[in-house]
Amino acid sequence: MSARKLVNVALTLAVLVAIVGLYRLTPTQKDIQEPVAVNGVVGRAVKTPRFDLTIEGVRVGRKLRIPGSSKARDTLSTFVVVDALVTATREPIHLSTVRIKASDGVIYLGANRSGLDRVDLTGFEFAPDIPVRGSFVVELPADKLPGATLQVMEKAIFNDLEPQATIPLGASTPPVEDVVALTRASES
Amino acid sequence: MTGARRARRGWFRTNTAALGALVIAIPLAGWWTTRSDYKSWYDAEPRDPVVIAAGGTSYAGATWYAASVEEDPQARAGRQVDPTPAGTTRVRVYFRLQVDNLSALEGLGGCRPQLRAPDGRVWNESSTAGDFQDRPTGCTGGYDVKPQSWRGAAAQYYLKPVAGKPFETVAVFVVPSAVASNVEPTITWATKLPQYLAFPR
């Protein structure tokens, strides 16, 4: 085999390696469609471009009392009530996507009980620089809470690369109360 | 080698027209897609103000006059209301407009009054403002055929608009006190973006 052929084979291999390597570096569908995580901690404001979110506490209960509804609600798991302070920064917005991702990767969506959206933070229209205190409610087994992460986003659909407030809720479970009572979301 | 080189030169010469077309077409396609993406982004938000002149400005088939803005307004007679949250101020705006042809009212439906700070932050109408609304809301005026006595002093404002005669509507907002004195009323229609009406104070 002549030296020229050897050089050709080496060049071909180099180009193949370069092609495979570059393909590994290109963004995948997931990379260009997933929300962008804005990380924070409990008790400190998480500042996303369009809203600030401060988690003030987490309560867990077997039943949930919704203001304006006489009977406490039952659940097959537990109610996790996340008390928070929310401020929009630019224009009126809603926070439509609320969920908790457990440490095993299972995602629990925000609770959808009747009457809940009239009092919790998902039904509230936030106005710029007027802080609102209220709660998010997610139903999940209390033993899934250690290591779980709260994820809050403005939009429910078309949310490619949208900022998503991402806050670890801590390594321990708060004491499970018999009944947790919601307070109506309001400008504090 | 000499023969191959000569053949290649021939290929370029045969395809000059096609290569020239590519040189024009590729930048043109890039410019076109970029432009249409930019346009759809630009048109999604209110960005181009149509500023209302003191003597009235014609827009969307109506003549718009200066809006009157009132900080911390009085509630309607006989209404007791809770104070606004700490650090906020209520702002009431009366919009004044006139149509020369009543059919123009149809084009004014779906308007959204907002307050806008100089830095671009915007506030929507307050959802709990009934006690401060002594005119019809929206942009199409009243709907009463004759004055209704139970409306009290505000009855005249709820009459159906008459061609050529100005009428008033109301919008009530709650904004941070820090911006209450420099926010400007605006009106937006989803169908007319990126234009919006701006009412200087």
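The values are calculated or read from the model by the stated rules, or taken from the named source; none is laboratory data. No experiment lies behind these values; they were computed from the predicted model shown. Methodologically, a virtual Cβ is constructed for each residue, glycine included, from the backbone with ideal geometry; neighbour enumeration extends over all protein chains shown. Surface accessibility is based on the protein's heavy atoms, side chains included, excluding ligands, DNA and RNA. Shrake-Rupley method; radii C 1.70, N 1.55, O 1.52, S 1.80 Å.
Overview of results
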item	result
The lone exception for B:Ser58 - which of (1) touching a residue at least 24 places away in the same chain (Cβ under 8 Å); (2) assigned to a strand (DSSP E or B) it fails	(1)
The range A:73-95: number of residues that are in contact with a Gly (Cβ under 9 Å, 6 or more places away or on another chain) and either free of Cβ contacts under 8 Å to residues at least 40 places away in the same chain or part of a loop (DSSP other than H, G, I, E, B) (or both)	3
The range B:174-195 residues that are within 17 Å of A:Ile130 (Cβ to Cβ), paired with ones that are in a strand (DSSP E or B) and acidic (Asp, Glu) (beta carbon under 7 Å, 6 or more apart)	B:Ala180/B:Glu71; B:Ser181/B:Glu71
Meets criteria (within 23 Å of B:Ser126 (Cα to Cα), loosely packed, with under 15 Cβ neighbours inside 10 Å and not hydroxyl-bearing (Ser, Thr, Tyr)) for A:Glu125	yes
Residues of the range A:128-155 satisfying the condition of being in contact with a Leu (Cβ under 8 Å, 6 or more places away or on another chain) and either within 14 Å of chain B (Cβ to nearest Cβ) or polar (S, T, N, Q) (or both)	A:Pro131, A:Val132, A:Arg133, A:Gly134, A:Ser135, A:Thr149
Members of the range B:116-144 found to be within 21 Å of B:Asn182 (Cα to Cα) and either at the interface with another protein chain (Cβ under 10 Å from one of its Cβ atoms) or of a type in the set (Val, Ile, Thr) (or both), listed by number	B:Arg116, B:Ala117, B:Asp119, B:Gly120, B:Arg121, B:Val122, B:Trp123, B:Asn124, B:Glu125, B:Ser126
Residue check, B:Ser181 at pLDDT 90 or above, exposed (fewer than 13 other Cβ atoms within 10 Å of the Cβ) and polar (S, T, N, Q)	yes
Tally of residues being more than 11 Å from every other protein chain (Cβ to nearest Cβ) and assigned to a strand (DSSP E or B) across the range B:168-183	5
Count of the range A:141-178 residues which are farther than 18 Å from A:Ser77 by Cβ, part of a loop (DSSP other than H, G, I, E, B) and either of a type in the set (Asp, Glu) or in contact with an Asp or Glu (Cβ under 8 Å, 6 or more places away or on another chain) (or both)	5
In the range B:69-89, residue nearest to the other protein chains (Cβ to nearest Cβ) [restricted to those that are open to solvent by less than 30 Å² (accessible area, probe 1.4 Å) and at pLDDT 90 or above]	B:Thr88
Per-region count, the range A:136-160, residues more than 12 Å from the chain's Cα centre (by Cα), open to solvent by 40 Å² or more (accessible area, probe 1.4 Å) and under 20 Å from A:Pro35 (Cα atoms)	3
Hits in the range B:125-178 (condition: open to solvent by 40 Å² or more (accessible area, probe 1.4 Å), of a type in the set (A, V, I, L, M) and farther than 17 Å from B:Gln98 by Cβ)	B:Val145, B:Ala153, B:Ala178
